[in-house]
Structure formats: structure tokens, C-alpha cells
């Protein structure tokens, strides 16, 4: 199979940035490799083994250290499994799965099965939301709850607007390597400037074969069959997956939709303050569970 990296040097430089980001988090962690039918999956694991399990699924052109940085306190209350999604610029196999079939759902369920886990919480951003919803479609029996931030697979934005504001600047950067095009691309997607994202994508865009397959949306019938509690955080200024449109459809098609929040002043990628809100919602759910299950543990 041909590598998705365009050069070995490019691959090394991208993974050096991965390692640098991970070390900057200053957390205790271990690597875990789960061999699946779709290829070896790298997972960064942190947090007490006795804590409930949560999987973090990053977005397109991302990696597990970004997920860990986005929600830096989850490891204090959860056993966190930050997954390197297949065929992305990270340390998992380069097997590109299809969004049109059950592959992503099979892959995630296989990981959970091989780790002998049950009652798992899933939290994902953007494309990670698609992976999570595909997981629920295929088999939700071991999933306790899910949290989706600006998720793909529920609605799509105006394709002309996305072309002009996102894909053309990215293509121009690929062709010219001029930073102004990359800056424009990021400014249309990120609520606040992210220096790591700038440096990481500066390497990834020209050195990695990205997947430009159009993102599908979930079939209403499949959505209505999901029973796992779903919480969605949407972004009003999201070009790719517009927040108001998303919440309107989600409210109609997901009978298990538990909570929705619209970030009024957010583009596709939330800022640190908004990520903290997401994290607090997840942590408060954990605390509430402890209170109900074991009043003594709550103090």
C-alpha cells in the first residue's frame, strides 16, 4: 500500500511535532497499540485504571495529543483513551476507511472489544463526531453516552462558501507554500489563533495525502434507531457544519438527544473557553453519576 506521506522526511517532521505536543502536556501516559482488522491503532492512555473509560476522537488532519490538550482535565476523573484515527497524520495505520459503509463503526467497536471495556463514554470533535455516530449505528451496546463538538455527519454547510473560504485558500497554500493562504484558511475555521495548528498544518497540508471525500449526513432512519444519550455542542459561525442548522436537524432526528448547546461566537474550531465548557459538562456528568451511585463518595 502506498504511503499517505509524500516523503519520509515529511513523515518524520510531522511525527516530531506530534511528540513535541504530547510532551508539552506534562502528563503521565502510556502508548497502547490495538491490532484491528483495519490496521494497528495507536492510543494514548492516561488517568487512573479504576476510573470510568472515555475515548477521545480527534478531527480530520489531527492527532491524539490535540484531543488531550483540548480537554486537559478529563484524565483526573476518567481513564482516557485518546485515539489516533486511521489514515490521519499520526501514529496509527494508514488504512483509509469508507464513510459510506460500516467500517468506522466496526473499527471502534473492535477496539472497545479488544480492550474488554464496557459502559464507555465517547467524545469527539468534527470528523470524530462522524466516527462516533458510525459507532452507535453499528453497535451501541457498550457505549454509555456521547459528546459531540461541531460534529460532521449531521448537516453540511453551503458548499460554495466552504469552497471559497476553506478549500481554495488551502489549495493555494499547497501550490505556493505562501503563509498568507494558510493564515486565511485557519482564520476561517478557528475561533482563536492556534500556533500549534499553524505549524502542524504547515507540514501536513503539503506532505500528507488528505481525504477530500465529501462528508455524508446520517440517514434519518438510522439516527432514530440510536438510543445512547447524545450531547451536541454546535458553533453558530461554523462554515462546514452550521450550528443552528445542525441543532434544528438533530432535535428532529435523534430521540436520544439529551442536551444541546450553541456557541454563538464560535467558528468550526472552538476556543479554549468554549472547550472548557464542554469539558465541564462531561465532568459534571461524571460527578452527578458518583452522587447518585454512591452518596458517600460525593462527600
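The values are calculated or read from the model by the stated rules, or taken from the named source; none is laboratory data. Please read all numbers here as calculations on a predicted model, not as lab measurements. Don't worry about glycine lacking a Cβ; one is built from the backbone with ideal geometry, like all the others, and counts go over all protein chains shown.
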- Among 185, 125, 200, which is the only one that is farther than 23 Å from residue 281 by Cα, touching a residue at least 24 places away in the same chain (Cβ under 8 Å) and surrounded by 14 or more Cβ atoms within 10 Å (Cβ to Cβ)? 200
- Item | Search result, residues across the range 178-214 that are more than 24 Å from residue 19 (Cα to Cα) and not in a helix (DSSP H, G or I) | 178, 191, 212, 213, 214
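Just to check your reading of the model, which residue among 61, 51, 73, 109 is under 15 Å from the mean Cα position of the chain (by Cα), at pLDDT 95 or above and surrounded by fewer than 23 Cβ atoms within 10 Å (Cβ to Cβ)? Spell out how you get there, then give the answer.
Details: 51 fails: under 15 Å from the mean Cα position of the chain (by Cα); 73 fails: under 15 Å from the mean Cα position of the chain (by Cα); 109 fails: under 15 Å from the mean Cα position of the chain (by Cα).
None of the other options fit; the residue is 61.
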- Message: Of the conditions (1) out of contact with any helix residue (DSSP H, G or I) (no Cβ under 9 Å at 6 or more places or on another chain); (2) buried (at least 20 other Cβ atoms within 10 Å of the Cβ); (3) within 26 Å of residue 4 (Cβ to Cβ), residue 246 satisfies every one except a single condition; which number is it?
- Response: (3)
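Can you pull out every residue in the range 168-177 that is touching a residue at least 24 places away in the same chain (Cβ under 8 Å), surrounded by fewer than 16 Cβ atoms within 10 Å (Cβ to Cβ) and not in a loop (DSSP other than H, G, I, E, B)? Give the derivation first.
To start, the set of residues in the range 168-177 that are touching a residue at least 24 places away in the same chain (Cβ under 8 Å) comprises 170, 173-174, 177.
Imposing the further condition that a residue be surrounded by fewer than 16 Cβ atoms within 10 Å (Cβ to Cβ) reduces the set to 174, 177.
If the condition is that a residue be touching a residue at least 24 places away in the same chain (Cβ under 8 Å), surrounded by fewer than 16 Cβ atoms within 10 Å (Cβ to Cβ) and not in a loop (DSSP other than H, G, I, E, B), then 174 is the only one that fits.
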- Got a number for residues in the range 117-142 being in contact with a helix residue (DSSP H, G or I) (Cβ under 8 Å, 6 or more places away or on another chain), under 15 Å from residue 56 (Cα atoms) and outside any helix (DSSP H, G or I)? 6
- Going through the range 272-286 in order, the residues found to be at pLDDT below 95 and surrounded by 12 or more Cβ atoms within 10 Å (Cβ to Cβ) are 285, 286
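Before we move on, is residue 239 within 15 Å of residue 133 (Cβ to Cβ), at pLDDT 95 or above and not in a helix (DSSP H, G or I)?
Numbers: within 15 Å of residue 133 (Cβ to Cβ): no; at pLDDT 95 or above: yes; not in a helix (DSSP H, G or I): yes.
No: the conditions fail for residue 239.
Just give me the residues in the range 45-68 being in a strand (DSSP E or B) and without any contact (Cβ under 8 Å) to a residue 40 or more places away in the chain, in sequence order. Please lay out each step first, then the result.
Of the residues in the range 45-68, the ones in a strand (DSSP E or B) are 45-46, 53-57.
Result: 45, 46.
Pick out the one residue from 86, 97 that is within 15 Å of the chain's Cα centre (by Cα), buried (at least 18 other Cβ atoms within 10 Å of the Cβ) and under 23 Å from residue 211 (Cβ atoms). Break it down into steps so the answer makes sense when it comes.
Details: 97 fails: within 15 Å of the chain's Cα centre (by Cα).
Sole residue among the options that is within 15 Å of the chain's Cα centre (by Cα), buried (at least 18 other Cβ atoms within 10 Å of the Cβ) and under 23 Å from residue 211 (Cβ atoms): 86.
Given the criteria under 23 Å from residue 280 (Cα atoms) and surrounded by fewer than 22 Cβ atoms within 10 Å (Cβ to Cβ), does residue 192 qualify?
In short, yes.
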- If a residue has to be over 29 Å from residue 95 (Cα atoms) and touching a helix residue (DSSP H, G or I) at 6+ places or on another chain (Cβ under 8 Å) to count, how many in the range 176-211 make the cut? 9
- Message: Please go through the range 212-236 and give me each residue that is over 14 Å from residue 134 (Cβ atoms) and either touching a helix residue (DSSP H, G or I) at 6+ places or on another chain (Cβ under 7 Å) or surrounded by 14 or more Cβ atoms within 10 Å (Cβ to Cβ) (or both), ordered by number.
- Response: 220, 224, 229, 231, 232, 233, 234, 235, 236
- Message: For the range 143-166: of the residues being under 19 Å from the mean Cα position of the chain (by Cα) and in a loop (DSSP other than H, G, I, E, B), which is nearest to residue 266 (Cα to Cα)?
- Response: 150
- Could you tell me which residue of the range 226-252 is farthest from the chain's Cα centre (by Cα), considering only residues that are farther than 19 Å from residue 127 by Cα and free of Cβ contacts under 8 Å to residues at least 40 places away in the same chain? 252
